[in-house]
Amino acid sequence: MAASFFGKTGTLWVIWLALSGSYTFANMVVGAVVAAGVVWINPMPAVAAPLSWRTLVRALVYIPWLFGRMVASSIHMARLVLDPRLPINPQVVRYTPTCRNAWAIVFMANSVTLTPGTVTIHADEHELLVHAIDEESADDLMSGRLEQKIAPLFSSPPIVTANGPRP
Amino acid sequence: MNVYANLSLVLLLILTAAGAILIKDLIGAVLVLGSYSFFLALLWAWLGAVDVAFTEAVVGAGLATVLFLLALFLTVPLEQKGQLPRGQWPAFVGLPLLGILLLYIAEDLPKFGDPLSPSNTHLAPDYLMHSLPATKTPNVVTSVLMDFRSLDTLIETAVIFTAGIATACLLRTSRHDSHTR
Amino acid sequence: MVEMVVSVLMVSGLFFMSVAAIGMIRLPDVFARAHAVGLTDTLGAFCLLTGLALYEGWSAHTLRILIVLLLLYVINPVIAHATIRAAHRSGLRPWMKEPS
Amino acid sequence: MNAFFIGMLIALALLIVVYLYRVIQGPTVFDRVLGLNGISSKAIILLVLIGTIYERVEMFVDISTGYALLNLVGSLAIAKYLEQKRGA
């Protein structure tokens, strides 16, 4: 309890300092008081983020890759939209993720939205409902390439949902 | 160049204001009103009134939109088709006349940002000189609102304080509650 | 030199934003439009804000511009997702090319 | 460089008109919400841009951060309510 309280307060305090941009003693004290107050008012649910050094290192590889995909996706969209024939063929596909980690699925839903021509409509532990703008992007998603990149980020096997472990 | 930027913001403002009035779908009207509020905030920011812009963005564009929408969801979201009442011509004549009158009066006001206008020769320098030593508040607007006009804003401060207490009461859930739920 | 990089970044940001705006007009339904807002718009914002941060030079302000950028990156896909999920739940079905 | 920024500001304002068309015209309410989201993301950038023109970025960044967060909360609230209203 106490350790998590100080951890959350410290995180909020660092954000406060980064946002306020002034490092006087008074500002630091006010920031600490406000951060402690926010944590006291709103004890955020204790969903343990699976943070380890290995995750961080892998994320450093993953994020530039995702960014490259984003640029590619935007150029793809630009080509579709600027084409006078508007060659889109929207379809809804269901993708069943093989990894059973809630964090990985959340990340995956967000990444799917950011990658070429696919937007997540609905996500739960069993499947992702994805709207794809043309066949090419749908096939790209169903090939599971994205999941192979994300799954190693979260190695912890148990499913942790917002309501605690699944029965 | 500056004038064009100013002009484009004002044009957007007028466009959204007209849209919010003319649009028939009420949810659409609320959303257009939200964007109107936002352009107003941008205009305040462009004129340098950052505090007012912040308030406008938070209250007008954020909070009011949500409140209006919630009100709409509790009622019928479509405007009833009504008949325009007869005998509206005094409005069509009177309102433009009133506008011309106001523009005529506005000619006599000091120009925007005129350094020789009364408010800029007497009031503003006085506040700028004395507010920091007298109140120890770096932001002049805040010192005027909260210190020099503290009796005016006493109720407002009380309201903000009450709102803070209410927020704390609403959000503060004890550990036991979240487990037994 | 820096000004040139900034100009290139900002003009490309403007390009992507224009693409998003054109997509908003041309695409047939809300699901397809979410692609424009969720992706292309975000990349445009990335280019523009990075250009502005570069122009500011390295200071505490740069950090804050980057925080706004990060916020936009999280917020834009989430809003696009929430909107189309609401559309899907309310019974709207995506526009298809031909009924199959 | 300032003239370039002001030109950029005007171009973004013109882009907003396109989104405004979607907000006013949009066949469903979701189109309108999406259009509003597009407008607000433009506006967040416009605020930072105005701050850069005035060389007071720190103040304007605060507004844009606040507005971005409020936009998130507002849009999520709208989406949630639309879900409950139409889906029930």
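The values are calculated or read from the model by the stated rules, or taken from the named source; none is laboratory data. These numbers were taken from a predicted model, which means no experiment stands behind them. Backbone-built Cβ (ideal geometry, glycine too); neighbour counts: all protein chains shown.
Here are a few things to note about the model shown:
- Counted residues, region B:152-168 - those being farther than 18 Å from A:V34 by Cα and surrounded by 12 or more Cβ atoms within 10 Å (Cβ to Cβ): 3
- Test result for D:G26, closer than 19 Å to B:F38 by Cβ and modelled with pLDDT under 80: yes
- Restricting region D:1-11 to residues that are assigned to a helix (DSSP H, G or I) and within 7 Å of another protein chain (Cβ to nearest Cβ), the residue that is surrounded by the fewest Cβ atoms within 10 Å (Cβ to Cβ): D:A3
- Unmet requirement for A:P165, which otherwise passes all of (1) at pLDDT 75 or above; (2) more than 9 Å from every other protein chain (Cβ to nearest Cβ): (1)
- A:A104 vs. criteria modelled with pLDDT under 75, under 14 Å from the mean Cα position of the chain (by Cα), buried (at least 20 other Cβ atoms within 10 Å of the Cβ) and not in a loop (DSSP other than H, G, I, E, B): yes
- Check on C:L9, at pLDDT 85 or above, closer than 21 Å to D:V57 by Cβ and more than 10 Å from chain D (Cβ to nearest Cβ): yes
- Reported count of residues in region A:57-94, each being in a loop (DSSP other than H, G, I, E, B) and either free of Cβ contacts under 8 Å to residues at least 40 places away in the same chain or over 15 Å from A:E136 (Cα atoms) (or both), is 4.
- Where a residue in region B:145-169 is under 19 Å from B:V52 (Cα atoms) and its partner, wherever it lies, is part of a loop (DSSP other than H, G, I, E, B), with Cβ under 6 Å and at least six apart: B:L145/B:T153
- Looking only at region C:55-77, residues that are farther than 14 Å from D:R56 by Cα and facing another protein chain (nearest Cβ under 7 Å) come to 8 in all.
Matching residues to (1) closer than 16 Å to C:A45 by Cα; (2) in contact (Cβ under 8 Å) with a residue 12 or more places away in the chain:
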position	(1), (2)
D:N37	yes, yes
D:K42	yes, yes
D:L47	yes, yes
D:V61	yes, yes
D:S64	yes, yes
D:L76	no, no
D:A79	no, yes
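- Considering each residue of region C:77-100 in turn, none proves to be β-branched (V, I, T), touching a Leu at 6+ places or on another chain (Cβ under 6 Å) and free of Cβ contacts under 8 Å to residues at least 12 places away in the same chain.
- Matching residues, region C:21-54, being touching a residue at least 60 places away in the same chain (Cβ under 8 Å), more than 9 Å from chain D (Cβ to nearest Cβ) and farther than 16 Å from A:T113 by Cα: C:P28
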